[in-house]
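I have placed the structure first, in the form of structure tokens, so that the comments after it can refer back to it.
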Amino acid sequence: MTPMGIRLSPFGVAVFCLLALGILYHLYAGVLSSRLAAFSQRRNVNLRELLAVSVEAAVLGGKEVKKVRDENSLKEKSKGKTKEGADELLTMGDLLSHRKMYNLIRNTFPEITVNSEEHDNLLDKTALWSRDIPADILEKIDGQNEVPAESVTVWIDPLDATQEYTETLVKYVTTMVCVAVGSKPVIGVIHQPFTGFTAWALVKEGSNMTPRSSYSVSPPKVIVSRSHSGKVKHFIHDAFGNSTTIIEAGGAGYKVLSLLQMPSSDKEPVDQADVYVHITMIKKWDICAGAALLSALGGRMTTLKGDDIDYSGNALNTGGLVATVHVDHQAILKRLPNWDPEKQ
């Protein structure tokens, strides 16, 4: 019995409960649906498809790079100075290549993070993947390998060796795409716009590249940057002796290719080096693709101290680098003098 003799109707209580549930549903339906939608959008990325898209992006970007250079319509300007005092140049080749590469990858895989050396507000929704997977990738790469989209970071360099590009030293120029899963590079693509050759690799699955048949370390031929060399020549001679051959070259992508077996070409051949060394800071879009290629072939790219480079997070690698393949990497590291790139 309720106060004052009022008796609650079971039917009324049921109606009241239903009304309360309805109010709660309307209050929380939006929150629940948004969480369910977010959950449903989480998906895996197929690495063979991402490799194919990366190759296509590098080739399309390379066409823009070559067209601008052939037409001599570079319109170069300085973005600022490097720590060594050299101009960091931006050309129409850099910008148009960036638009092709960035938009193609983002339109195909909108869930993944894409970092580019260049920045531009133009979004091109018409840049779509052809859905073509090159025959050599189909032959060598298993299409079953997938990773969570949120674990993927893509680094693209729309035009590596811009300084040399403005000087018409086009053999050094490349376009590059790298895919890191977590902190490790797993896909590397280096395309040469002026020869049309594309090197690619997917770590632990396959590559169209191979190491050379032999390398020398007594002394090695060491390839270094021609435009950002700093004090590297003294560093190399202290490490390996004054008889060491030092090859000055543009472009981090080119330097990695110099460590590998390149196809014969009627045009100017790629230099052949045994070790690649860089003793100042360098950006990850410059080196990630090369790191993936070397890793796929049993090589290594580390800091000067021998630490693995983390390809997540910010773009700057502050530890310098040493890159080798089919060479005792640890033995090379032990010969290097003490050096702190951040203090140079």
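The values are calculated or read from the model by the stated rules, or taken from the named source; none is laboratory data. In this text, all values refer to a predicted model and were calculated from it rather than measured experimentally. Cβ coordinates were reconstructed from backbone atoms using ideal geometry, including for glycine residues, and neighbour counts include every protein chain displayed. The area values use the complete protein model at the heavy-atom level, side chains included, leaving out ligands, DNA and RNA. Shrake-Rupley method; radii C 1.70, N 1.55, O 1.52, S 1.80 Å.
So the values come out like this:
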| read-out | value |
| --- | --- |
| Segment 152-164 - phi-based ³J(HN,Hα) in whole Hz, Karplus 6.51/-1.76/1.60, Gly and Pro as x | 9, 10, 9, 10, 10, 10, x, 7, 8, 6, 5, 4, 5 |
| Test item: Cα-centred dipole of segment 214-344, Lys/Arg +1 and Asp/Glu -1 on Cβ, debye | 180 |
| Carbon/sulfur fraction of accessible area - segment 44-203, other protein chains in place, 1.4 Å, % | 48 |
| 1.4 Å probe accessible area per residue over segment 138-279, in Å² | 39 |
| Sorted peptide list for 113-126, 299-312, 160-173, criterion being average Cβ within 10 angstrom, highest first | 160-173, 299-312, 113-126 |
| All Cα pairs of segment 210-344, percent lying beyond 20 Å | 39 |
| From phi via Karplus (6.51, -1.76, 1.60), per-residue ³J(HN,Hα) for segment 110-115 in Hz, x at Gly/Pro | x, 7, 9, 8, 10, 10 |
| Accessible solvent surface per residue of segment 286-344, calculated while the other protein chains remain in place, 1.4 angstrom probe, Å² | 44 |
| Cβ-defined net charge surrounding N46, 11 Å radius [Lys, Arg +1; Asp, Glu -1] | -1 |
| Long-range amide H partners of T113 with built H, under 5 Å | V152, V154 |
| Net dipole in debye of segment 50-169 [+1 Lys, Arg Cβ; -1 Asp, Glu Cβ; about Cα centre; nearest 20] | 400 |
| Ordering of 288-294, 318-324, 193-199 by packing [mean C-beta count within 10 Å, highest first] | 288-294, 318-324, 193-199 |
| HN-Hα J in Hz across segment 67-76 - Karplus 6.51, -1.76, 1.60, θ = phi - 60°, x for Gly and Pro | 4, 5, 5, 5, 8, 6, 10, 5, 6, 6 |
| Contact order normalised by residue count of segment 143-218, Cα under 8 Å, 6+ apart, percent | 20 |
| Portion, in percent, of the accessible area of segment 217-338 that falls on carbon or sulfur, probe 1.4 Å | 43 |
| Accessible-area ranking of D340, D157, D132, largest first, probe 1.4 Å | D132, D340, D157 |
| Share, in percent, of DSSP beta bridges within segment 197-344 that are antiparallel, nearest 5 | 65 |
| Approximate shape of segment 65-152 as ellipsoid semi-axes (Cα gyration tensor, √5λ), whole Å, largest first | 30, 17, 14 |
| Projected-area average for segment 140-268 over all orientations - Cα convex hull basis, square nanometres | 10.1 |
| Average projection area in nm² (convex hull over Cα atoms of segment 104-185, one quarter of hull surface) | 7.4 |
| Cα→Cβ-extended label distance, 7 Å offset, between D340 and D124, nm | 4.5 |
